[in-house]
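These notes are about the structure you will find just below.
The values are calculated or read from the model by the stated rules, or taken from the named source; none is laboratory data. Computed from a prediction, not measured in an experiment: that's the story for all the values here. Cβ: placed from backbone, ideal geometry, glycine included. Neighbour counts: every protein chain shown.
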Amino acid sequence: MADPSKQFTDRVVVVTGASRGIGAATALAFARAGATVVAGCPALDADDHRQAVLSWREGAGLAPEQVAPVVADVSRVEEVEAFYEVVENHFGRVDVLVNNAGINRDHTLAKMTDEEWRAVLAVNLDGTFYNCRAVLRLISDGGRIINISSMVAQTGNFGVANYAASKAGILGLTKSLALELAPRQITVNAVCPGFIDTEMTRGMPADVLNGYVDRIPVGRAGTPDDIAATVLFLASPGAAYITGQSLGVNGGLYTGD
Ligand code: NAI
């Protein structure tokens, strides 16, 4: 009988932004569940990010054929196209794409520069678009696309207009692409994490950070593993009838749609 803990055996899974945080936890969870994982890393500081993938792969006792770091800056269309050339040449197809790469450049709108606006839209929204479009010729029927959005796409927040706009854009992209790919039984969903303990949130001032955690009904910040578990569920056969949805994973911090 097949080992249920290895439910992604023979599946090729692409995770962007897999060097650390939510992306690394997700890539690791897929690899442990039997998948062959392509761990996307940005070309900016490429050596550091690629090395980070090699480090967590080694730390987890995984073999090189289970997790392959491949470099691309998701905000650069030519790098994303080249990334999928590599994926095609080495793996032939993609079964699951997780668009996780993301950045923030926080400022109130009055102080937000054009560069801060464009940088965040370019990585978070353009990057998701470029990956979705490029994967279309490689993704198998019955495949999965899971886009990491954010709770702030649903609620807004102080000082993050660029980030919230990029993440809300992902929700519209997700719903539209879900309709386009439904005839091929490919599902497209978004995950909206709340406050997750990663390097992205650790950069906040301690009083702001503690203020957020105090307001979370379940009484703790989320972990990258909380998000990874949700992504694996959406990628599993049991989620075949869920598409075009935005799933909040926020410890009760927001209970709306
Ligand atoms: P992180 O900063 O720890 O990791 C971000 C990852 O994105 C890194 O692996 C980095 O190498 C990659 N990346 C950044 N720019 C890139 C580019 N141009 N091309 C390719 N890869 C690039 O952040 P974290 O917290 O793990 O975030 C992962 C995703 O989850 C992001 O999309 C973020 O917006 C989202 N998210 C995080 C929340 C949190 O509380 N930490 C809450 C809601 C959403």
Run ALA43 past the list (1) at pLDDT below 95; (2) in a helix (DSSP H, G or I) and report the number of the one that doesn't hold. (2)
LEU97 being touching a residue at least 24 places away in the same chain (Cβ under 8 Å) and surrounded by fewer than 18 Cβ atoms within 10 Å (Cβ to Cβ): no
I'd like to verify a number: residues in segment 1-39 that are among the small types (Gly, Ala, Ser) and in contact with a helix residue (DSSP H, G or I) (Cβ under 7 Å, 6 or more places away or on another chain), how many? 10
Over segment 194-208, the set of residues outside any loop (DSSP other than H, G, I, E, B) and either touching a residue at least 40 places away in the same chain (Cβ under 8 Å) or more than 15 Å from GLY251 (Cβ to Cβ) (or both) is ILE196, GLU199, MET200, ARG202, ALA206, ASP207, VAL208
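Here's the yes/no breakdown for (1) in a helix (DSSP H, G or I); (2) modelled with pLDDT of 95 or more; (3) within 19 Å of the chain's Cα centre (by Cα):
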{"residue": "MET1", "(1), (2), (3)": "no, no, no"}
{"residue": "LEU28", "(1), (2), (3)": "yes, yes, yes"}
{"residue": "ALA39", "(1), (2), (3)": "no, yes, yes"}
{"residue": "ASP47", "(1), (2), (3)": "yes, no, no"}
{"residue": "VAL53", "(1), (2), (3)": "yes, yes, yes"}
{"residue": "ARG57", "(1), (2), (3)": "yes, yes, yes"}
{"residue": "GLU78", "(1), (2), (3)": "yes, yes, no"}
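Condition check ((1) at pLDDT below 95; (2) closer than 16 Å to VAL98 by Cα) across all residues:
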site: TYR163; (1), (2): no, no
site: SER166; (1), (2): no, no
site: SER176; (1), (2): no, no
site: MET200; (1), (2): yes, no
site: VAL208; (1), (2): yes, no
site: GLY219; (1), (2): no, no
site: PHE233; (1), (2): no, yes
site: ALA239; (1), (2): no, yes
site: GLY256; (1), (2): yes, no
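Residue-by-condition table, conditions (1) within 13 Å of the chain's Cα centre (by Cα); (2) surrounded by fewer than 18 Cβ atoms within 10 Å (Cβ to Cβ); (3) of a type in the set (Phe, Trp, Tyr):
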site	(1), (2), (3)
LEU125	yes, no, no
ILE139	no, no, no
ALA153	no, no, no
GLY159	no, yes, no
GLY169	no, no, no
Being within 9 Å of the ligand (Cβ to nearest atom), touching an Asp or Glu at 6+ places or on another chain (Cβ under 8 Å) and not β-branched (Val, Ile, Thr) narrows it down to one residue among ALA122, ALA43, ALA52, ALA101; which is it? ALA43
Please go through segment 212-232 and give me each residue that is assigned to a helix (DSSP H, G or I), surrounded by 11 or more Cβ atoms within 10 Å (Cβ to Cβ) and more than 10 Å from the ligand (Cβ to nearest atom), ordered by number. VAL213, ASP225, ASP226, ALA228, ALA229, THR230, VAL231, LEU232
Is segment 142-150 home to any residue that is among the small types (Gly, Ala, Ser), more than 10 Å from the ligand (Cβ to nearest atom) and out of contact with any Cys (no Cβ under 9 Å at 6 or more places or on another chain)? yes
Output for segment 172-211, where each listed residue is more than 10 Å from the ligand (Cβ to nearest atom) and within 14 Å of the chain's Cα centre (by Cα): THR174, VAL188, ASN189, ALA190
